[in-house]
Amino acid sequence: MNQASRRRHHYHLMTMYSNPSARKWKSEYTTDPSILPFHQTLPNYGPTPLCPLPQIATNLEAHKVLIKDESRRFGLPAYKILGASWAVYRTVTRELDLPSTASLEEVKAAAGDKGFEYYTATDGNWGRAVARMASMLGAKAHVYVPKVMLETTKKKIAHEGAEVIVVDGDYDGAVKEAERIGKEKRGLFIADIAWEWYQEIPQWVVDGYSTMMVEIDQQTEELVGRRPDLVVCPVGAGSLAEAVVVHYKHAVPSSAVLTVEPDTAACLMTSLEAGKIVSISTKDTSMCGLNCGTVTFTAWPSLRDGVDAHVTVTDEEAKVAEETLAEMGILIGPCGAATLAGLTKACKEGKDEIYLNRDSVVVLLGTEAPRGAALDMA
Ligand SMILES: Cc1ncc(COP(=O)(O)O)c(C=O)c1O
């Protein structure tokens with residue numbers, strides 16, 4: 001790690017962090033090759049679309065800008081089910097001492113009357129994904145949610161067959177309660193955030209996200225004959241960004257990674273500047289899924305060393321990006337649209353630091369459906 005080579009720009013109110021040494025940094029991490037075949041066995045599997053944004057490419061003087069549309073992943077309005085499904089499956093196969101190639105039917109049959117129950121916490125998409133996976137395995141999920149959660153969101157989670165428990169507190173309080181009760185009831189606690197004492201399951205969540213990258217590579221290979229040059233990823237606690245970094249910094253040649261988070265929940269920016277994980281208190285943001293105050297423990301070394309550049313965006317910038325995409329017929333919610341806002345900002349502040357030129361193929365991770373649509377989906 002070379003602290004001296006890290007740069008942060010302050011022009012007017014704009015902020016960008018860059019790490020030139022990430023360009024040559026290699027990830028040694030490899031993911032389990034059974035993940036994509038596993039996802040392919042789940043009902044309604046299909047690669048999500050990679051949509052071209054020709055006008056954006058022209059405006060930003062890039063060869064191609066594409067958005068990975070995760071607004072309908074397995075019929076759910078976000079990508080989270082990729083990680084939730086693999087993490088639940090690996091947890092139960094571990095409990096049953098089965099290999100990571102066992103079929104869903106084999107697992108379900110072996111789990112039989114063992115009475116596995118899953119405990120998790122969520123601010124929306126994650127809990128619904130865990131609940132969906134639990135019901136696929138014939139098991140019960142108990143989903144702890146913060147006090148402020150919308151009734152419609154709670155109903156969607158309950159509709160998956162889960163018990164929804166409202167905690168008198170925020171998301172962090174819900175996580176603590178899910179972990180405490182899960183332990184008390186000898187259930188399986190499934191979280192998408194890691195701490196020093198809880199790493200294996202969140203790592204499976206990250207591993208599960210690798211399917212998105214494998215699909216992107218196949219899609220860009222078909223479109224332009226190679227992998228993307230730059231991938232832009234939204235950051236909450238950083239699990240998805242970890243999946244992006246380990247995949248694209250393992251590949252040869254590697255791709256550049258730009259990460260984006262809300263200016264009101266800039267836990268990665270704060271940690272990158274400090275050179276260590278620093279927890280912050282966050283403020284409300286329209287980018288709800290990105291409202292996290294602490295970088296997930298397992299992601300930190302990869303993000304510290306492998307993120308080429310990082311920007312923060314405002315709610316207003318995410319809204320403009322969401323509207324711009326909608327005008328182009330691409331319906332993506334604020335967390336996913338934040339990538340377009342971040343790319344636009346990075347192009348103004350430091351195009352060289354994201355290695356963007358007229359030959360570049362850029363992929364934005366459009367991680368969710370627009371809010372209304374997310375709530376309306378069956
Ligand atoms: C829609 C959406 N996009 C992106 C993220 C960021 O994910 P992570 O917490 O892995 O950084 C989240 C997290 O909840 C999300 O819900």
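The values are calculated or read from the model by the stated rules, or taken from the named source; none is laboratory data. Just so it is clear, the model here is predicted, and its values are computed rather than measured. Reconstructed Cβ throughout: ideal geometry from the backbone, glycine too, with neighbour counts over all protein chains shown.
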Candidates Lys185, Lys140 - the one that is of a type in the set (D, E, K, R) and farther than 23 Å from Trp86 by Cβ
Lys185
If you take the residues of segment 217-241 that are hydrophobic (A, V, I, L, M, F, W, C) and assigned to a strand (DSSP E or B), which of them is farthest from Ala87 (Cα to Cα)?
Leu230
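Can you confirm whether segment 185-198 contains a residue that is under 21 Å from Ala346 (Cα atoms), of a type in the set (Lys, Arg) and in contact (Cβ under 8 Å) with a residue 60 or more places away in the chain? Working first, answer last.
To start, the set of residues in segment 185-198 that are under 21 Å from Ala346 (Cα atoms) comprises none.
No, there is no match, as no residue in segment 185-198 is under 21 Å from Ala346 (Cα atoms), of a type in the set (Lys, Arg) and in contact (Cβ under 8 Å) with a residue 60 or more places away in the chain.
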Residue among Ala318, Ala337 that alone is crowded, with 21+ Cβ neighbours inside 10 Å, within 16 Å of the ligand (Cβ to nearest atom), under 21 Å from Leu240 (Cβ atoms) and free of Cβ contacts under 8 Å to residues at least 40 places away in the same chain:
Ala337
In this structure, is Val278 near the ligand (Cβ under 10 Å from one of its atoms) and touching a Ser or Thr at 6+ places or on another chain (Cβ under 7 Å)?
no
Residue count, segment 212-226 (criterion: without any contact (Cβ under 8 Å) to a residue 60 or more places away in the chain and either crowded, with 19+ Cβ neighbours inside 10 Å or farther than 15 Å from Lys249 by Cα (or both)):
4
Among the candidates Lys156, Lys185, Lys176, which residue alone is of a type in the set (Lys, Arg) and crowded, with 20+ Cβ neighbours inside 10 Å?
Lys156
Quick one: which of Ser302, Ser286 is within 17 Å of the chain's Cα centre (by Cα), within 16 Å of the ligand (Cβ to nearest atom) and surrounded by fewer than 21 Cβ atoms within 10 Å (Cβ to Cβ)?
Ser286
Counted residues, segment 84-124 - those being among the polar types (S, T, N, Q) and either part of a helix (DSSP H, G or I) or touching a Leu at 6+ places or on another chain (Cβ under 7 Å) (or both)
3
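Please go through segment 184-197 and give me each residue that is away from the ligand (no atom under 15 Å from the Cβ) and either part of a loop (DSSP other than H, G, I, E, B) or among the aromatic types (Phe, Trp, Tyr) (or both), ordered by number. First the steps, then the outcome.
Applying the first criterion (away from the ligand (no atom under 15 Å from the Cβ)) to segment 184-197 yields 184-189, 196-197.
Correct list: Lys185, Arg186, Gly187, Phe189, Glu196, Trp197.
Determine whether Ala87 is closer than 15 Å to Trp204 by Cα, in contact with a Pro (Cβ under 8 Å, 6 or more places away or on another chain) and within 16 Å of the ligand (Cβ to nearest atom). Reasoning before the result, please.
Working: closer than 15 Å to Trp204 by Cα: yes; in contact with a Pro (Cβ under 8 Å, 6 or more places away or on another chain): yes; within 16 Å of the ligand (Cβ to nearest atom): yes.
In short, yes.
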State yes or no: is Ser286 under 25 Å from Thr153 (Cβ atoms), in contact with an Asp or Glu (Cβ under 6 Å, 6 or more places away or on another chain) and of a type outside the set (A, V, I, L, M)?
yes
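Can you tell me which residues in segment 47-59 are in a loop (DSSP other than H, G, I, E, B), surrounded by 18 or more Cβ atoms within 10 Å (Cβ to Cβ) and more than 16 Å from the ligand (Cβ to nearest atom)?
Once the filter is applied, which keeps residues that are in a loop (DSSP other than H, G, I, E, B), surrounded by 18 or more Cβ atoms within 10 Å (Cβ to Cβ) and more than 16 Å from the ligand (Cβ to nearest atom), segment 47-59 yields only Leu53.
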I'd like the full set of residues that are part of a strand (DSSP E or B) and under 18 Å from Gly187 (Cα atoms), limited to segment 125-162.
Lys140, Ala141, His142, Val143, Tyr144, Val145
Gly275: passes all of (1) under 18 Å from Pro262 (Cα atoms); (2) touching a residue at least 60 places away in the same chain (Cβ under 8 Å) but (1)
When segment 60-83 is examined, which residues are found to be over 17 Å from Ala338 (Cα atoms) and either surrounded by fewer than 18 Cβ atoms within 10 Å (Cβ to Cβ) or away from the ligand (no atom under 15 Å from the Cβ) (or both)?
Glu61, Ala62, His63, Lys64, Arg72, Gly75
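So if I check each of Met149, Met136, which one is at negative phi, away from the ligand (no atom under 16 Å from the Cβ) and surrounded by fewer than 24 Cβ atoms within 10 Å (Cβ to Cβ)? First the steps, then the outcome.
Working: Met149 fails: away from the ligand (no atom under 16 Å from the Cβ).
Sole residue among the options that is at negative phi, away from the ligand (no atom under 16 Å from the Cβ) and surrounded by fewer than 24 Cβ atoms within 10 Å (Cβ to Cβ): Met136.
Select, from Val246, Val214, the only residue that is in a helix (DSSP H, G or I), touching a Phe, Trp or Tyr at 6+ places or on another chain (Cβ under 9 Å) and among the hydrophobic types (A, V, I, L, M, F, W, C).
Val246
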How many residues does segment 296-331 contain that are outside any helix (DSSP H, G or I) and either outside the structural domain of Pro262 (by TED's automatic domain parsing) or farther than 24 Å from Asn19 by Cβ (or both)?
4
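Quick test for you: out of Val166, Val148, pick the one residue that is more than 20 Å from the chain's Cα centre (by Cα), assigned by TED's automatic domain parsing to the domain that holds Val88 and at pLDDT below 95.
Details: Val166 fails: at pLDDT below 95.
It is Val148.
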